[in-house]
Structure formats: C-alpha cells, structure tokens
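First up is the structure itself, then whatever we jot down about it.
The values are calculated or read from the model by the stated rules, or taken from the named source; none is laboratory data. Only a predicted model underlies this, so the values are computations on that prediction, with no experimental measurement involved. Neighbour counts are summed over all protein chains in view; Cβ atoms, including those assigned to glycine, are modelled from backbone coordinates with ideal geometry.
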Amino acid sequence: MIVIGVVGGIASGKSFVTEQLQSHGAVILDADRIGHEVLLRESVKQALREEWGDAVFDSAGEVDRKQLAEIVFDPAEPERLEQLERITHPLIAAQLQQEIDRLANSEGVNVLVLDAPVMVKAGWHVLCDLIVFVEASLEQRLARVVERGWSAEMFHNREAMQAGIDKKRQISKHVIDNNGTLEDAINQVRELWDGIQNRQTFNNPTSVD
C-alpha cells in the first residue's frame, strides 16, 4: 500500500486533488475525523477544561469546536494553539498510525491518501510514502477564501499558523499545478494516478514530476 500526503497552501485545491484521487480508487484517511474523535476522550476533555475552563464546552459537556477554534486561533495568543496541539497531536498521530496499519492489512486497499490540513506542521508527513504539493498562486487562493466569506486578515492569520509554503514544497516529490483550468488539474491527477499504478511514483518519485 502507498500512503500519499496532499499538501499546499490554504485554498490551493488540496481537497479537490484528494477527491480526484478517491474517484480513481484511493481510500481517504481523514485526520479531522480522528481529531474530532480525540476530543471525545475524557482525558482530553479534562486537559482542555484545566486549560480553558467551561468556555470550550457545550451544555452536554462535550467540546464546542467552534468556541475552541475562536480561542486558539487568536493571532495575538499563539501559545493557545500550541497548547491545544500539545494535548491532541500525539494522540491523533498514534491513531493515524493505527489506521494506516489496519488499512495496510486490508484487502483491496492499494493507495491511501492522508487528508490532514496541518500534516506538515504536525509532522504527520513522515507517515507518507509520497507527498504531493498542490500549487496555486496567492491571488487565486485569496480570491477563493473571500468567496467563502473569509476576510484577507483571517486568511493571512490562519496561513501564518501553518507550516510555510516553501517547506511544504520542499518536502514534496510531485506537484499538481492548480493555476490553470479544472480540466488541466484533472488531467494532472490522472497522470499522477497512472504513475502510481505503474509503481513509478513509489519506486522513483521524480519520474512523474
């Protein structure tokens, strides 16, 4: 089984590339889903309560993810996000590894895509055999998030909390250029998939660059 990590800047088109790979037959491992499951653990809830009190909990005693996000994604208080990551990231990493091991032993799973927005910052890229970078200009990415209702300030603040674009590009062995048309991107993902199926990407990652 080959494990692929898809990285890039905010609104670069990572989800689109992941969905295209899924349409070709890849299985998706969603780190956000596992992150949500981790927040259900009593040990994690206790740690969050000790850190931020009842402010991050709903009336049912579960973590209010929206309220938690408002607290930790404050650019003036970066240590809040760092603390949340110290609490949750090791647990998420362990669960991701368990899922990868389980799927590796599952019949019919040949390509697994790790879908994790903070993959590089968290160090989870080391779980992957191949890192794919989705390239998109800053102008295009900013325009996309504005369409979603974000402000430019929100975009820059959130991106500053992730690993740098240059680092993501540096660790990648393959690039999908998402600055062109939708058809161009679809064709590039298809070429990537063909390379993976021929084992070229896995055995010689630069062969499909």
Inset, instruction - Please verify whether region 126-138 includes one or more residues that are of a type in the set (G, A, S) and modelled with pLDDT of 90 or more. - result: yes
Legend entry - Residues of region 1-33 satisfying the condition of being of a type in the set (V, I, T) and farther than 25 Å from R158 by Cα: I2, V3, V27
Legend entry - Identity of the residue in region 141-156, of a type in the set (D, E, K, R) and either surrounded by 15 or more Cβ atoms within 10 Å (Cβ to Cβ) or assigned to a helix (DSSP H, G or I) (or both), that ends up modelled with the lowest pLDDT: E153
Legend entry - Matching residues, region 59-110, being assigned to a helix (DSSP H, G or I), farther than 19 Å from R158 by Cα and in contact (Cβ under 8 Å) with a residue 60 or more places away in the chain: I92, Q95, L96, E99, I100, L103, A104
Inset, instruction - Scan Q67, Q95 and give me the residue that is of a type outside the set (A, V, I, L, M, F, W, C), surrounded by 13 or more Cβ atoms within 10 Å (Cβ to Cβ) and under 18 Å from the mean Cα position of the chain (by Cα). - result: Q95
Inset, instruction - Only residues in region 153-169 that are more than 19 Å from I131 (Cα to Cα) and touching a residue at least 60 places away in the same chain (Cβ under 8 Å) count as the first member; pair them with residues that are among the aliphatic types (A, V, I, L, M) and part of a helix (DSSP H, G or I), Cβ under 7 angstrom, at least 6 apart or cross-chain, and list the lot. - result: F155/L142; F155/V145; M161/L81
Inset, instruction - Of the conditions (1) touching a strand residue (DSSP E or B) at 6+ places or on another chain (Cβ under 7 Å); (2) closer than 19 Å to Q97 by Cβ; (3) in a helix (DSSP H, G or I); (4) of a type in the set (A, V, I, L, M), I28 clears all except one; give me its number. - result: (3)
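Yes/no per residue for (1) among the small types (G, A, S); (2) within 10 Å of the chain's Cα centre (by Cα):
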{"position": "M1", "(1), (2)": "no, no"}
{"position": "I4", "(1), (2)": "no, no"}
{"position": "G8", "(1), (2)": "yes, yes"}
{"position": "S12", "(1), (2)": "yes, no"}
{"position": "D30", "(1), (2)": "no, yes"}
{"position": "R33", "(1), (2)": "no, no"}
{"position": "H36", "(1), (2)": "no, no"}
Inset, instruction - Mind listing whichever residues of region 113-135 are part of a loop (DSSP other than H, G, I, E, B) and surrounded by fewer than 22 Cβ atoms within 10 Å (Cβ to Cβ)? - result: P117, V118, G123, D129
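Yes/no matrix, rows are residues, columns are (1) surrounded by fewer than 13 Cβ atoms within 10 Å (Cβ to Cβ); (2) modelled with pLDDT of 95 or more:
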| site | (1), (2) |
| --- | --- |
| G5 | no, yes |
| S12 | no, no |
| T18 | no, yes |
| L21 | no, yes |
| L39 | no, yes |
| V44 | no, yes |
| G61 | yes, no |
Legend entry - Residue selected from region 98-117 under the condition among the hydrophobic types (A, V, I, L, M, F, W, C) and out of contact with any helix residue (DSSP H, G or I) (no Cβ under 8 Å at 6 or more places or on another chain), by the criterion nearest to R33 (Cα to Cα): L103
